[in-house]
There are 4 protein chains.
Amino acid sequence: MAFKEYKPGYGFLGVIEDGSYVLILGGGKSWLVKVVRGRTFHTHLGYLDLGSLIGLDYGSEVETSSGHRLYVMKPTIFDLVMKLPRKTQIVYPKDMGLIALKLGLGPGMKVLEAGTGSGALTIFLANLVRPDGHVYTYEVRREFIRLAKRNVGKAGLSDYVTFVEGDARDADVEVDALVLDVPDPWDFLEMADRCLKGSGGFASVLPTIDQAEKLVSALKEHSFTDVSCYELLARRWEARIGMSRPSSRMVGHTAFLVFARKVLPRPPS
Amino acid sequence: MAFKEYKPGYGFLGVIEDGSYVLILGGGKSWLVKVVRGRTFHTHLGYLDLGSLIGLDYGSEVETSSGHRLYVMKPTIFDLVMKLPRKTQIVYPKDMGLIALKLGLGPGMKVLEAGTGSGALTIFLANLVRPDGHVYTYEVRREFIRLAKRNVGKAGLSDYVTFVEGDARDADVEVDALVLDVPDPWDFLEMADRCLKGSGGFASVLPTIDQAEKLVSALKEHSFTDVSCYELLARRWEARIGMSRPSSRMVGHTAFLVFARKVLPRPPS
Amino acid sequence: MAFKEYKPGYGFLGVIEDGSYVLILGGGKSWLVKVVRGRTFHTHLGYLDLGSLIGLDYGSEVETSSGHRLYVMKPTIFDLVMKLPRKTQIVYPKDMGLIALKLGLGPGMKVLEAGTGSGALTIFLANLVRPDGHVYTYEVRREFIRLAKRNVGKAGLSDYVTFVEGDARDADVEVDALVLDVPDPWDFLEMADRCLKGSGGFASVLPTIDQAEKLVSALKEHSFTDVSCYELLARRWEARIGMSRPSSRMVGHTAFLVFARKVLPRPPS
Amino acid sequence: MAFKEYKPGYGFLGVIEDGSYVLILGGGKSWLVKVVRGRTFHTHLGYLDLGSLIGLDYGSEVETSSGHRLYVMKPTIFDLVMKLPRKTQIVYPKDMGLIALKLGLGPGMKVLEAGTGSGALTIFLANLVRPDGHVYTYEVRREFIRLAKRNVGKAGLSDYVTFVEGDARDADVEVDALVLDVPDPWDFLEMADRCLKGSGGFASVLPTIDQAEKLVSALKEHSFTDVSCYELLARRWEARIGMSRPSSRMVGHTAFLVFARKVLPRPPS
């Protein structure tokens, strides 16, 4: 069997192949599935011969054994981030979006990530800086490194990521942007002063406001300016002609986001 | 004078050159300025000889004529989007971030934008799909096309954008993602059916909930699945040791965001 | 057994009597219980002889059969509203609070309520206008009238409420304030014009924004001014030294609230 | 001239008299005005002979000298709270509503308020506990006591309020509910233990989350249970047929609200 990794972002050209990851949608649910000839996908809506998907266009409609209609989509980075196995709370997509914008991420940039976790944010960052940028990600817990490597591999992004098992405070790499997903980011600011280029963007993801206020205060003692703290609330709507209302269930909190920009103070004359 | 366009995203390598755009920060304010030898930048904090910036690293601290400290940063796409001249309400960065994630944008993708406006969203999209992707943007109002071209040029992204003065409903290009920033998106769904590849992402930005409910309803009549409607609320915090509180001023509303995915229904047998 | 109804609001004087309603707190849960000599209260924290509570002060700590600590509180109107049996979605306390303020409710006022439902809002209104005000509440569904009467009785507020089984559009009573908890409030505006005194407050509780916009539009065609529409979002915090964050679960939507004030246009001369 | 104080809450019976306070509405604005025969009210919409209002029903439409239409309403407690002169940030109505509900306020209750300020919250509390309840309010700053007395007098509620110039920590009065509008509420908990009856409600209004977390922690060390912390976000909507959207301006923060209930721990045996 030829194994085809997910090719992120290169559009929706081509067709489903043996080994491709697909996102199957149906009955208000979704599943991330690897297409393997000879395997069967089971769901409460009936089963599906995965081999029968090979050669179909992404977006195709198929039918289960019990006659239910499913759609076979190409997963986005967003889908992967939400579906890949994880051992920790991941950074939410709405928060990732603002991080990318505030850091000015784009192709060609070098990013240092402290706190790889399950690799969700790593995938997101790697996708944005490829093909000629790179992510250096640090994690002290071996089992997380292992999980993150698998997840980044499934996303087809291994070429753009260097995994370091160790303390990010020891990092010695020059980068354009820095993301801290650690509980004590204020302890990483000497490293930030050392590794981040002038004008480089700083972002940190924190569950509590107390961490945010401690970090904001510490940033002002180091070489940073334009320090800000945000939270984003996402509200889903049930939009229907004549009956629109916000969903009654809502996520009340994901994280506080702290941003700053690195400056190069003049040496004392 | 050698004219150097802004090079988006290729990190913060190099130094400020004659012709570079810089973001000057100071006194809680910021200005987007083009560095031109011989010109002077005037602010309430004193003036600055722009020629003196040439050769400095991005992030450098400089002093005005009256002794105030300023920082000279490399502008991010976010900064450009907020600072470039505009004639219309632009899509807010927090909303752009979610659009990028839901559409699965990344290098190599082809995107169709209906409603170029001042080009803010165009810049954002072009930055994400370069170097080998492309944005096709449609606008019926000539003066907007002109402004948007100038803005995209300043952002150094002209190579990745095709401007079409005309009605996007006549578009005939195959794309991986579609963004509608028009008041009547339900009228663009035949075009969406025609131009969007299977599994391609659909996004629309709408000021009123009535437009959102009309669009959601129309999408369900066309070849789309996974239709959703969101709004994002961004809350800025004043984080200070022992005195943290949300800012009392807040933007209460920017836009409703409608998302969907294109499917390929089976032809009638 | 002497039956003692709940006496709302007259402070916390006196002690728990045979027949009193109490709110029992323990293990993060709460129960509304009627104290009856000889009965036993069972919970996952053990059981409690209810007779043993008679003569205790409200707020007392007691112990269950298995040694768990419980507190026996006097229920507030808020507690009753949340705990009494209901067949319908009730108006949320946060929304009730704003309704009371916008209508200027206080002792002595006459209020008309259309849509008694389970009587939760009726209890709230009656508590605010007693001892010399009154609530006239209309409901077309007999089983709701029956439930609401029982609930208002348990709250000790029957003297302040007149229940009418019938269509509120036929009401012929002069009132100081009007609350509509019906799906089609725009059909009740002729009645509002007839029953509401000049300067009287109007409030309506609506699940969808479409209803709100239809009502706002209709109010402007009738004798009303100062028309407004609000929604309230309540966010609970987990406040702990050094670890404060908003709760991750949140109610995303309860109702849209529409307010207005009755005016007396000058008769044509 | 007979001076008629505002009679809160006793409905809208009767007519405008010499000495009455009225709320004049017009052109999207509102003014709290005392009707005095012989005086003139000036606005950008023209002027109005106040004497001409005497004998009119509340809610009446009148015309200014320049032909603009105004409405003359009876002010609610809400209107008074928003319009009376103040020297401090007042508690917002939405927050007052939740405080009233969580404390179970109603006629007959005795309430202690620490931090009278301009008397806005005092007016709100007094209106809810009359005619047979009472508010004891403490304030150390003499100029605030003076302003608050004037404001409570204008609201016609002086009979229900005792003003104490002094430190609320020295209070020695038994009450059913306690409201702390002071910056250091944790220092008032011994007083709370002493003055608040068993089962009595506790509320505190705090601008920063750090104060809230410090208070929540301190309450758990004292005789309190059911400790909670909330914030309320009010969102105004521009509801119009086919064009509804939230207002773009919004108040992002008013206060954190901390609630608890007093318990009576068993004496050591």
Region C:251-269, subset part of a strand (DSSP E or B) and of a type in the set (A, V, I, L, M), residue farthest from B:Ala239 (Cα to Cα): C:Leu264
Filter result (part of a loop (DSSP other than H, G, I, E, B), hydroxyl-bearing (Ser, Thr, Tyr) and surrounded by fewer than 18 Cβ atoms within 10 Å (Cβ to Cβ)) within region D:220-250: D:Ser247, D:Ser248
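Condition check ((1) of a type in the set (A, V, I, L, M); (2) within 21 Å of B:Tyr92 (Cα to Cα)) across all residues:
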| site | (1), (2) |
| --- | --- |
| B:Asn127 | no, yes |
| B:His134 | no, no |
| B:Leu147 | yes, yes |
| B:Lys154 | no, yes |
| B:Ser158 | no, no |
| B:Asp167 | no, no |
| B:Ala171 | yes, no |
Qualifying residue in region D:160-174 (condition: closer than 21 Å to D:Pro107 by Cβ, in contact (Cβ under 8 Å) with a residue 60 or more places away in the chain and in the same structural domain as D:Gly117 (by TED's automatic domain parsing)): yes
Cβ pairs under 6 Å, 6+ apart, first in region B:178-205 and more than 18 Å from B:Leu103 (Cα to Cα), second surrounded by fewer than 24 Cβ atoms within 10 Å (Cβ to Cβ): B:Trp186/B:Lys214; B:Trp186/B:Ala218
Boolean, A:Pro107 is at negative phi, at pLDDT below 95, in a loop (DSSP other than H, G, I, E, B) and within 12 Å of chain B (Cβ to nearest Cβ): yes
Index of the failed condition, B:Ser223 passing every other in (1) at pLDDT 95 or above; (2) more than 7 Å from every other protein chain (Cβ to nearest Cβ): (1)
Residue that is farthest from the other protein chains (Cβ to nearest Cβ) [pool: residues in region A:81-90 that are out of contact with any Leu (no Cβ under 7 Å at 6 or more places or on another chain) and assigned to a helix (DSSP H, G or I)]: A:Met82
Those residues of region D:97-146 which are under 14 Å from the mean Cα position of the chain (by Cα), more than 21 Å from D:Val173 (Cβ to Cβ) and in contact (Cβ under 8 Å) with a residue 40 or more places away in the chain, in sequence order: D:Leu98
In region B:232-254, residue farthest from the other protein chains (Cβ to nearest Cβ) [restricted to those that are of a type in the set (D, E, K, R) and in contact with a Ser or Thr (Cβ under 8 Å, 6 or more places away or on another chain)]: B:Glu238
Given (1) closer than 22 Å to A:Ala234 by Cα; (2) assigned to a loop (DSSP other than H, G, I, E, B); (3) in contact (Cβ under 8 Å) with a residue 60 or more places away in the chain, index of the condition A:Lys94 fails: (2)
Selected residue (criterion: surrounded by the most Cβ atoms within 10 Å (Cβ to Cβ)) from residues of region D:120-156 that are modelled with pLDDT under 95 and in a loop (DSSP other than H, G, I, E, B): D:Ala155
Residue tally, condition touching a Lys or Arg at 6+ places or on another chain (Cβ under 9 Å) and closer than 17 Å to A:Thr76 by Cβ, over region A:130-159: 4
Residues located in region D:26-48, provided they are more than 23 Å from D:Gly153 (Cα to Cα) and surrounded by 15 or more Cβ atoms within 10 Å (Cβ to Cβ): D:Gly26, D:Thr43, D:Leu45, D:Gly46, D:Leu48
Number of positions in region D:175-202 that are closer than 20 Å to D:Glu221 by Cβ and either outside the structural domain of D:Asp226 (by TED's automatic domain parsing) or buried (at least 24 other Cβ atoms within 10 Å of the Cβ) (or both): 10
Considering residues of region B:51-73 that are in a strand (DSSP E or B) and surrounded by 21 or more Cβ atoms within 10 Å (Cβ to Cβ) only, the residue nearest to the chain's Cα centre (by Cα): B:Met73
Boolean, B:Gly198 is within 12 Å of chain A (Cβ to nearest Cβ) and either of a type in the set (Lys, Arg) or touching a strand residue (DSSP E or B) at 6+ places or on another chain (Cβ under 6 Å) (or both): yes
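Yes/no matrix, rows are residues, columns are (1) touching a residue at least 24 places away in the same chain (Cβ under 8 Å); (2) closer than 22 Å to D:Ser244 by Cβ:
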site	(1), (2)
A:Asp210	no, no
A:His222	yes, no
A:Tyr230	yes, no
A:Arg240	no, yes
Residue in region B:55-66 that is farther than 28 Å from A:Ser223 by Cβ and of a type in the set (Asp, Glu) present: no
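The values are calculated or read from the model by the stated rules, or taken from the named source; none is laboratory data. In this text, all values refer to a predicted model and were calculated from it rather than measured experimentally. Every residue, glycine as well, gets a Cβ built from its backbone with ideal geometry; the counts of neighbours run over all protein chains shown.
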